[in-house]
Every structure is written in C-alpha cells, then in structure tokens.
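All remarks here apply to the structure that follows.
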Amino acid sequence: MTDKTANAMWGGRFAAGPDAIMEAINASIGFDKRLAKQDIEGSRAHAAMLAATGILSDSDAQAIREGLLTVLSEIEGGTFQFSTALEDIHMNVEARLKEVIGEPAGRLHTARSRNDQVATDFRLWVRDQCDAATTGIEALMRALIAQAEQGADWVMPGFTHLQTAQPVTWGHHMMAYVEMLARDRSRFADARARMNESPLGAAALAGTSFPIDRHMTAAALGFDRPMANSLDAVSDRDFALEFLAAASICAMHLSRFAEELVIWSSAQFRFVRLSDKFSTGSSIMPQKKNPDAAELIRAKIGRIFGANVALMMVMKGLPLTYSKDMQEDKEQVFDAADNLMLALAAMDGMVRDMTANREALAAAAGSGFSTATDLADWLVRVLGLPFRDAHHVTGTLVAMAEAAGKDLPDLSLDQMRSVHPGITQDIFAVLGVDNSVASRISYGGTAPAQVRAQIARWKELLS
C-alpha cells in the first residue's frame, strides 16, 4: 500500500504519509481484525437503515450489504489481505468493499464515524464474550455438580487457615464452587444487560444531521435501545471494564480451586488423582506427576487482573470524548477473554476427569480433633452449659487427648468425666465424623440431605 493510498484515507488533510514509526504506533489492524465479523454486521445494519430512511438508494444499500458478505467470506476463509497502511479493521473492510462493488462503497460511511463504529463493534464483541463465558461457567458448574452427586455423603476435612476445622462432605465442598461460579454467571449477565445499548449513530461525538433511525440499527444488532447521549456513546468503555471485572473475579475463583487441586493431588494429601490429560511428568524425576494445568490456571489470573488494571489506567484521565488512547482497550480485553475461556475449559476438563480418593478423605476427616465443636455443642445442648464453659471443657479434653497421642473418640468415659462429671456415654454418638456431618442440617449445611437438596436445586436451574 503506497503513501498516496494511505493519505487518501485521510481525505487529503496531510501532505506526507506517516513514517514507519508513526504507522507502527498508529495502526491497530494487527489486533482489531478480530472485530471483522462485528464490524461487517454493524455496517450491514447501517446500510439497511440508510436505505430505509431514504439517505441511500435501495440499489446502493443492496450492493453494499452483499459486498460486505463477500468481504466477510474472504476474511473467514483466510484469503483477505490485511494492510497496516489502512490502520484498522474499518478501513481495511471499506477499502476491500470498494474493490468489490466500486463507487457505492464510498456511501457506506454516511452519517457515522469510526468513533461510533468502533464503539459498536467492540460492544458487540464483548457481548459475545459474556455469552461465551456464561456457557463455559455453566459447563464447569455441571461438572462440579456431577462430582458432588457422586460424593454427597463422603466425609472430608473442612479447613480454616488450612488447618483441620470440622468434617464436611465432598459434595458440600464441590457445591461451594457451584455457588461461587453462579455469582460469576450473574455478573456476566448483569454486565451484558447493561452494555446492551447501541452507540451506532452517535457519529464522531455530536450525532448527525442526517435523518437516521438509531432504533432501527439498535434492533437489527440485538441491542435493547440506542444510547441516549452521543458524547457518552463514543467515549464509554464501562462495558469492557465490567467484563474485565467479572472475568477477574471468575478467574480468582478458578485460581482458588486450582490451588486446592495442587494441594489435594500432592503425595502428602492424596485427596484427588488428576488424569494424565491434565498432568505432566518431570524431565529428571520419573515418579513425578505434576498438576501443571491447575498451576497454569492459577497463573492466568495475573494476566486477567493485569488487563483490568491496564484498561482502568488508560481510561482514568481521558476527557470526553474519543482519544486515541482508547485504541489500547482491545488487546487487554482480547487477552483476558482468551485466557478466561482457556482456564474455564481446562478446569472443566480437570473436574470431569479427576477421581476423589474417598478413603484418604475419610481418614483425614477425623484427624486434628475435627469433632471438637460437636463435643462442645453436645455439652451445651444436653448438659445446658454456657457455650464459653463448654468451649473450655472441650479445650481441656483436646489437650488431654493430644498429650496422650489420641483423638477425642479414643478417650475413655472416665477420662472425660474427670474434666466434667456430667458427661455420659451418649457423648460418643456425636464424636464420629459421619455423625458430625449428618447433624449439620441447617439450610446450606454439610449434611448429605442438605447437599442433595442443593444439587437438585442447581440441576433444575441449569436444565
């Protein structure tokens, strides 16, 4: 592409073409070509509206709409030649459209600007990514529900501070992530609903003197309505920031679960076995089976958080309306979206393929005096002790058991009565881990009946 051609795109304003450095910093086609589908979709809607309002002849609009489909097929087929000299996806498409249909292509840009055009394209792309993220999240939720259903009554230790706290069930632990992901799903849905307004027709910043129908183009593109302020329409990137915020929180949830999988798959825990598909070996230690997929998911959050912060920094000092700084919005969002979808797919695969070690979970569930709270609750419920007194009695019994190298159920009744004479044989009924989890019948608790109720609720919601 010659300098003369590049200059023509600026309408004769500049006498000399940009040098190589300016071309490199100014061009966005290297990344915004990902908006080709949305750009052509928006242009086809715009051309149809121009014809409907009498601004463009039906024949020109028809030629434009058909020509744009030809361009799209070339792009999707990999035969389209992108030009850095033409800067961005909009000019690349328009230039090729002119080669395909000739003079009518020059009328497509009537009553719009690249400012509202890119705002529309980008909004459409991010909206599609919200839908893709929702699909990925729901797939992972279903995988977790399947794990929960299999082990609704399998006991395992619940942790605080990564120390054994109280027994819970495998199903309960899996369903905790279902709840977290459900919030992620709702955040993407909320963001999608808020972004579903059309910037198209705002033109450069002030609207246009042509009698356009913005409601028509909004409806054609699946938007709920046109944006109500032309200045806001071309300068807003809240939709991208909301997507990145939702993606960051979702990635944080994935990272937390990935960390647990790294710990659980270790030789010290042996809670789960990850499939060979999502593990790697060592180049020097033949016994190693490394949870690399989980570790990489754990790392992805850095890129997604970074994209969120980067775009916030780009936008924080910009006056209304459009500034070239905003060209830096897309690469951040593209990268975050790619990595979120990869992390969701990898986690989905790991969860579907992993095998929980029921025996190791059960053995760990009873360690670390995990039923101490059950003992304290029994003292309150049966003997009527104030909880603080029950806490003290239980702590004394834990210290006694620890000194003797025993667990609480291994203490004799006489040993327990030496601390409080009111304790009876019935205390041993609450000290087993199975009894403990079965007793947690409050709504949202770990009792198998409660877990199965939540599984049923979510299976219905996702059906």
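The values are calculated or read from the model by the stated rules, or taken from the named source; none is laboratory data. This is a predicted model, so every value here is computed, not measured. FYI the Cβ positions are ideal-geometry reconstructions off the backbone, even for glycines, and counts take in every protein chain you see. Note: accessible area is taken over every heavy atom of the protein model, side chains too, but ligands, DNA and RNA are not part of it. Shrake-Rupley method; radii C 1.70, N 1.55, O 1.52, S 1.80 Å.
If we scan the stretch 104-111, do we find a residue that is under 27 Å from the mean Cα position of the chain (by Cα) and among the aliphatic types (A, V, I, L, M)? Please lay out each step first, then the result.
So the first thing to find is which residues in the stretch 104-111 are under 27 Å from the mean Cα position of the chain (by Cα), and the list is none.
Taking every residue of the stretch 104-111 in turn, none turns out to be under 27 Å from the mean Cα position of the chain (by Cα) and among the aliphatic types (A, V, I, L, M).
List, please: which pairs have Cβ atoms under 8 Å, are six or more places apart or on different chains, and start with a residue in the stretch 409-429 that is within 13 Å of ALA376 (Cα to Cα) and open to solvent by less than 50 Å² (accessible area, probe 1.4 Å) and end with one that is basic (Lys, Arg) and in a helix (DSSP H, G or I)?
Pairs that qualify, where the first residue is within 13 Å of ALA376 (Cα to Cα) and open to solvent by less than 50 Å² (accessible area, probe 1.4 Å) and the partner is basic (Lys, Arg) and in a helix (DSSP H, G or I), are ILE423/ARG417.
Filter the stretch 192-229 down to residues that are farther than 22 Å from LEU241 by Cα and hydroxyl-bearing (Ser, Thr, Tyr) and give me whichever is nearest to the chain's Cα centre (by Cα).
The selected residue is THR217.
Tell me which of these PHE239 doesn't satisfy, since it passes every other one: (1) part of a helix (DSSP H, G or I); (2) among the aromatic types (Phe, Trp, Tyr); (3) open to solvent by 10 Å² or more (accessible area, probe 1.4 Å).
For PHE239, the exception is condition (3).
Tally up the residues in the stretch 94-139 that are part of a helix (DSSP H, G or I) and farther than 20 Å from ALA336 by Cα, please. It would help to see each step written out before you state the result.
First, pick out the residues of the stretch 94-139 that are part of a helix (DSSP H, G or I): 94-101, 103-107, 114-139.
Of the ones still in play, those that are also farther than 20 Å from ALA336 by Cα are 94-101, 103-107, 114-117.
Adding up the residues that qualify gives 17.
Please go through the stretch 163-195 and give me each residue that is open to solvent by 10 Å² or more (accessible area, probe 1.4 Å), under 23 Å from ALA438 (Cα atoms) and touching a residue at least 12 places away in the same chain (Cβ under 8 Å), ordered by number. Steps first, please.
From the stretch 163-195, those open to solvent by 10 Å² or more (accessible area, probe 1.4 Å) are 163-166, 168, 172-173, 175-177, 179-180, 182-183, 185-187, 189-190, 192-194; that's our starting set.
Now drop any that are not under 23 Å from ALA438 (Cα atoms), which leaves 163-166, 168, 172-173, 175-177, 179.
Answer for the stretch 163-195, where residues must be open to solvent by 10 Å² or more (accessible area, probe 1.4 Å), under 23 Å from ALA438 (Cα atoms) and touching a residue at least 12 places away in the same chain (Cβ under 8 Å): GLN163, THR164, ALA165, GLN166, VAL168, HIS172, HIS173, MET175, TYR177.
With respect to ALA449, is the statement that it is open to solvent by 30 Å² or more (accessible area, probe 1.4 Å) and outside the structural domain of ALA146 (by the TED database) true?
Working: open to solvent by 30 Å² or more (accessible area, probe 1.4 Å): yes; outside the structural domain of ALA146 (by the TED database): yes.
Yes, satisfied.
How many residues are part of a helix (DSSP H, G or I), among the hydrophobic types (A, V, I, L, M, F, W, C) and open to solvent by less than 50 Å² (accessible area, probe 1.4 Å) if we restrict to the stretch 350-388?
Looking only at the stretch 350-388, we keep the residues that are part of a helix (DSSP H, G or I), and these are 350-353, 358-365, 372-383, 387-388.
Adding the requirement that they be among the hydrophobic types (A, V, I, L, M, F, W, C) leaves 350-351, 360-365, 372, 375-376, 378-380, 382-383, 387.
Then drop every residue that is not open to solvent by less than 50 Å² (accessible area, probe 1.4 Å), which leaves 350-351, 360-362, 364-365, 372, 375-376, 378-379.
Result for the stretch 350-388: 12.
Among residues belonging to the stretch 78-93 that are β-branched (Val, Ile, Thr) and outside any loop (DSSP other than H, G, I, E, B), point out the one that is nearest to the chain's Cα centre (by Cα).
Step one: filter the stretch 78-93 for residues β-branched (Val, Ile, Thr), giving 79, 84, 89, 93.
Okay, now just the ones that are also outside any loop (DSSP other than H, G, I, E, B), so 84, 89, 93.
Details: THR84: 32, ILE89: 27, VAL93: 31 Å.
Among those residues, the one meeting the criterion is ILE89.
Just the residues that are of a type in the set (A, V, I, L, M, F, W, C) and over 17 Å from ALA363 (Cβ atoms), please, taken from the stretch 392-413.
Our first condition is that a residue be of a type in the set (A, V, I, L, M, F, W, C); within the stretch 392-413, this holds for 393, 397-401, 403-404, 408, 411, 413.
Answer for the stretch 392-413, where residues must be of a type in the set (A, V, I, L, M, F, W, C) and over 17 Å from ALA363 (Cβ atoms): VAL393, LEU397, VAL398, ALA399, MET400, ALA401, ALA403, ALA404, LEU411, LEU413.
The conditions are (1) open to solvent by 80 Å² or more (accessible area, probe 1.4 Å); (2) of a type outside the set (S, T, N, Q); (3) modelled with pLDDT under 85, and ALA27 fails exactly one of them. Which is it?
Answer for ALA27: the failing condition is (1).
Looking for something touching a Pro at 6+ places or on another chain (Cβ under 7 Å), part of a helix (DSSP H, G or I) and open to solvent by 10 Å² or more (accessible area, probe 1.4 Å) - is there at least one such residue anywhere in the stretch 47-56?
Checking the stretch 47-56: not a single residue is touching a Pro at 6+ places or on another chain (Cβ under 7 Å), part of a helix (DSSP H, G or I) and open to solvent by 10 Å² or more (accessible area, probe 1.4 Å).
Which residue out of ALA218, ALA202 is closer than 19 Å to LEU108 by Cα, without any contact (Cβ under 8 Å) to a residue 24 or more places away in the chain and surrounded by 22 or more Cβ atoms within 10 Å (Cβ to Cβ)?
Values: ALA202 fails: without any contact (Cβ under 8 Å) to a residue 24 or more places away in the chain.
Exactly one of ALA218, ALA202 is closer than 19 Å to LEU108 by Cα, without any contact (Cβ under 8 Å) to a residue 24 or more places away in the chain and surrounded by 22 or more Cβ atoms within 10 Å (Cβ to Cβ), namely ALA218.
A quick yes/no check of all residues on (1) open to solvent by 30 Å² or more (accessible area, probe 1.4 Å); (2) under 16 Å from ALA45 (Cβ atoms):
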position	(1), (2)
ASP88	no, no
VAL93	no, yes
PRO104	no, no
ASP116	no, yes
ARG123	no, yes
GLU138	yes, no
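Show the residue pairs that are 6+ apart or on different chains and have beta-carbon atoms under 7 Å apart, the first residue being within the stretch 348-364 and under 16 Å from GLN166 (Cα atoms), the second being of a type outside the set (Val, Ile, Thr) and part of a helix (DSSP H, G or I).
LEU361/TRP170
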